[in-house]
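The values are calculated or read from the model by the stated rules, or taken from the named source; none is laboratory data. Note that the coordinates shown come from a computational prediction; the quantities given were computed from them, not determined experimentally. When we count neighbours, we look across all protein chains shown, and the Cβ atoms used for this are built from the backbone with ideal geometry, even at glycine.
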Amino acid sequence: MSDPTYTPPKVWKWESESGGAFASINRPIAGPTHDKELPAGKHPLQLYSLATPNGVKVTVMLEELLARGFEGAEYDAYPVRIKDGEQFGSGFVELNPNSKIPALLDRSGDPAVRVFESGSILLYLAEKFGAFLPKDIAGRTETMNWLFWQMGSAPLLGGGFGHFYAYAPENYEYPINRYAMEVKRQLDVLDRQLANNRYIAGDEYTIADMAIWPWYGALVKNKVYDAAEFLEAESYTNVIRWADEIAKRPAVQRGRMVNRTWGEPERQLHERHDASDFENKTQDKLAAILGHS
């Protein structure tokens, strides 16, 4: 379908919802819509998130830190149901005035430190624990190059291609073509980088991989937007090889479950307060299998 002719008004006004899957939570103003305190658990690190690509970045990082033996990375994770507008509660807005997940509160010091924006959280945790970020200047800079690449590129994938291809109320040729072209260019950038590198920034697994995998790994494996065939994802063989390797990591598998509230019940862990939560989930899955055998 071709776009109808549209002449922008001299002054844009918010007069109606724009339509689409997330229309009810889109608005041109910031600030809270209602009073609601955030829950809090026993650990110094408190995470408020959802298992979207941006949220998965942080839960994967925390689970990887715990897998490396950093006990101080224990955390409580609470879901923020964005379709219900929970990100506009007063407690969450105080933690993140931009009203986007994920948001982290570190209560290990005085005063407590709030951290928002997923890339900032990854960098904060990497520096706090001294892990998943190379210490040499060349390795650190290369990792940061790709971390910032992801932060700048993913909005064109999600808010651009994902919105117009999967979520917009109508399919229009121009924006789908425009953003499909850009997403394929981004995949080609990654594929060329991964042709000569095991991981995104070289031979070492870093926060760059944790930032990029939930978006682009999910895309080529057809976990988001149902667009793998449309984008000819199978042609990006190096990205697929990398995506498959990351997906096999136990910490990644755990991180994907945290704050997930949709899909197969056995892959959901709405709240996370202790490593035993995953063991209980495994027992629930086994009981379900035995119950249907």
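Side notes on the structure shown:
- Once the stretch 65-88 is narrowed to residues that are of a type in the set (A, V, I, L, M) and within 17 Å of the chain's Cα centre (by Cα), the residue that is nearest to residue 276 (Cα to Cα) is 77.
- Tally, over the stretch 211-253, of residues that are among the basic types (Lys, Arg) and either part of a helix (DSSP H, G or I) or free of Cβ contacts under 8 Å to residues at least 12 places away in the same chain (or both): 3
- Residue 245 vs. criteria at pLDDT below 95 and acidic (Asp, Glu): no
- For first residues located in the stretch 260-281 and under 16 Å from residue 75 (Cβ atoms), partners that are assigned to a loop (DSSP other than H, G, I, E, B) and at pLDDT 95 or above and lie 6+ apart or on another chain with Cβ distances below 7 Å form the pairs 260/51; 260/268; 269/260; 270/259; 270/261; 273/41.
- The residues on offer are 91, 55, and the sole one that is under 19 Å from the mean Cα position of the chain (by Cα) and among the small types (Gly, Ala, Ser) is 55.
Each row is one residue, and each column tells you yes or no for (1) outside any helix (DSSP H, G or I); (2) within 26 Å of residue 146 (Cβ to Cβ); (3) in the same structural domain as residue 215 (by TED's automatic domain parsing); (4) of a type in the set (D, E, K, R).
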position	(1), (2), (3), (4)
51	yes, yes, no, no
55	no, yes, no, no
77	yes, yes, no, no
94	no, no, no, yes
100	yes, yes, no, yes
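- Every pair of residues 6+ apart whose Cβ atoms lie under 7 Å, when the first sits in the stretch 152-178 and is surrounded by fewer than 16 Cβ atoms within 10 Å (Cβ to Cβ) while the second is modelled with pLDDT of 95 or more and not in a loop (DSSP other than H, G, I, E, B): 172/164
- Considering only residues in the stretch 117-153 that are assigned to a helix (DSSP H, G or I) and of a type in the set (Asp, Glu), the one that is nearest to residue 205 (Cα to Cα) turns out to be 142.
- Residue 66 vs. criteria crowded, with 21+ Cβ neighbours inside 10 Å, out of contact with any His (no Cβ under 7 Å at 6 or more places or on another chain) and under 20 Å from residue 126 (Cβ atoms): no
- Residue ID - surrounded by the fewest Cβ atoms within 10 Å (Cβ to Cβ), chosen from residues in the stretch 247-274 that are of a type in the set (Lys, Arg) and over 19 Å from residue 102 (Cα atoms): 248
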